[in-house]
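The values are calculated or read from the model by the stated rules, or taken from the named source; none is laboratory data. Predicted, not measured: the structure shown is a model, and the values here were computed from it. Positions of Cβ are generated from backbone atoms using ideal geometry, with glycine treated the same way; all protein chains shown enter the neighbour counts.
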Amino acid sequence: MFKRHFFIILAGAVVALMLVAALLKITLGGNDAPGGPGGSGGRGSRGGQEVEVTSPVARSFSDELKVLGVARSLRSVNITSSTSELVTRVLFRDGQQVAVGTPLVELQAREEDAAIITARAELTQAQREYDRYKILAERGVAPRVLAEQAETALATARAAVSAAEARRGDRVLRAPFAGVLGLSTVTAGTLISPGTVITTLDDMSAVRVDFAVPERFLSNLRAGTPLTATADAFSGETFSGRIALMDVRVDEQTRAVTARAEFPNPGGRIRPGMMMRVAVQRGQREALSVPEAAVQYEGAGAFVYRLAGSEDGTMAQRVEVQTGVVENGNVEIISGLNANDRIVASGLNRIQPGAPVREAGKGGGKGAGPAGGKGAAPAAAARP
């Protein structure tokens, strides 16, 4: 029993010694490898994490106010009737482009037609009596007052005809302005009542977009200010317009004022009711910029890694910067960097402050041999 335990303990000790030897070999072998500190071709003290390098570039930036709004046609109306009546004729097609005054719907008008006939007959009789009394008055046969009364009756009869014709005209609904008609379910024989929408009419030559503007921006916006807008229906397309009017009152609850923008709409592509994303430019300026991937954010602060330590920039120095707006993947740098600084362009999560780095595409740098090696003296001589 003792011999068996002894051999088990001995075997365990041998395995442990083998593991220790293997670990020592790996450690010592890594230092002697060509890429290690003791190798003749290693990165040496000037090596490190390979990174992409860039420099701040001057770009144009603009303060942009982005808001949402709903497109409305330049003029819009629902075509309705003021009375309950039967439709006798529909004179339009759905989606038709119509001019101002175009007849759209004709309503039943039998009573109005009869009233016109009666009024015209009374006008004819009044005209005859006036002509007769006028002649008699001129000859002195009849008193002049009868001629004046006949003249008044004639004017009344003419007014009655005009009123009858106006009532008859109300039985034909016309387009109040030029535009495009919408869909309709009204046909001949439909009984409509006041308020019933027969069809819609929109002037789509231009569209209006009303949106709220915080009062702090009022000093920068006025009628005529150019702006742009986009719509989900036309991905990637931008529409240009201008501010047509600013409301005179500021909402006491939201502290915002309503602005009305107008956009030309050739072809009627923008439809009333579409959601529009409006962007108002508030002036341009020149500033340094870096790619978004080169900026690291922590809390309320922003940082970049600047290359420092030598001409080749072998150390990543963490620098706090003040950022501005972000446009097209570029971050505005207000302070913290100069135009000739070289910074890490990407992969910031793999870098520690003060860690050695090397620029991608430049290998391990000149004279990257070990300290005191054959390549150390030429590298020192090459530096001024």
**Request:** Please tell me if Ala142 is assigned to a loop (DSSP other than H, G, I, E, B), touching a Phe, Trp or Tyr at 6+ places or on another chain (Cβ under 7 Å) and among the aliphatic types (A, V, I, L, M).
**Result:** yes
**Asked** Do we have any residue at all in the range 265-284 that's small (Gly, Ala, Ser), under 24 Å from the mean Cα position of the chain (by Cα) and closer than 30 Å to Asp341 by Cα?
**Response** yes
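Taking the range 191-215 only, how many residues are within 21 Å of Gln96 (Cβ to Cβ), β-branched (Val, Ile, Thr) and either under 23 Å from the mean Cα position of the chain (by Cα) or surrounded by fewer than 16 Cβ atoms within 10 Å (Cβ to Cβ) (or both)?
So the count comes out to 3.
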**Message:** Looking at (1) exposed (fewer than 15 other Cβ atoms within 10 Å of the Cβ); (2) touching a Gly at 6+ places or on another chain (Cβ under 6 Å), which one does Glu262 not meet, given that it meets all the others?
**Reply:** (1)
**Output for the range 229-248, where each listed residue is outside any loop (DSSP other than H, G, I, E, B), exposed (fewer than 12 other Cβ atoms within 10 Å of the Cβ) and either at pLDDT below 90 or hydrophobic (A, V, I, L, M, F, W, C) (or both)** = Val248
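I'd like the full set of residues that are small (Gly, Ala, Ser) and under 15 Å from Ala339 (Cα atoms), limited to the range 50-64.
We begin by selecting, within the range 50-64, every residue small (Gly, Ala, Ser); these are 55, 58, 60, 62.
Within the range 50-64, Ser55, Ala58, Ser60 meet the criteria.
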**Complete:** Residues of the range 123-173 being buried (at least 16 other Cβ atoms within 10 Å of the Cβ) and small (Gly, Ala, Ser), in sequence order, are Ala126, Ala137, Ala142, Ala147, Ala150, Ala153, Ala157, Ala160, Ala164
**Request:** Kindly establish whether Val141 is out of contact with any strand residue (DSSP E or B) (no Cβ under 6 Å at 6 or more places or on another chain) and β-branched (Val, Ile, Thr).
**Result:** yes
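Restricting the search to the range 288-301, which residues are surrounded by 17 or more Cβ atoms within 10 Å (Cβ to Cβ) and either polar (S, T, N, Q) or assigned to a strand (DSSP E or B) (or both)?
Of the range 288-301, the ones surrounded by 17 or more Cβ atoms within 10 Å (Cβ to Cβ) are 288-290, 294-295.
Hits for the range 288-301 are Leu288, Ser289, Val290.
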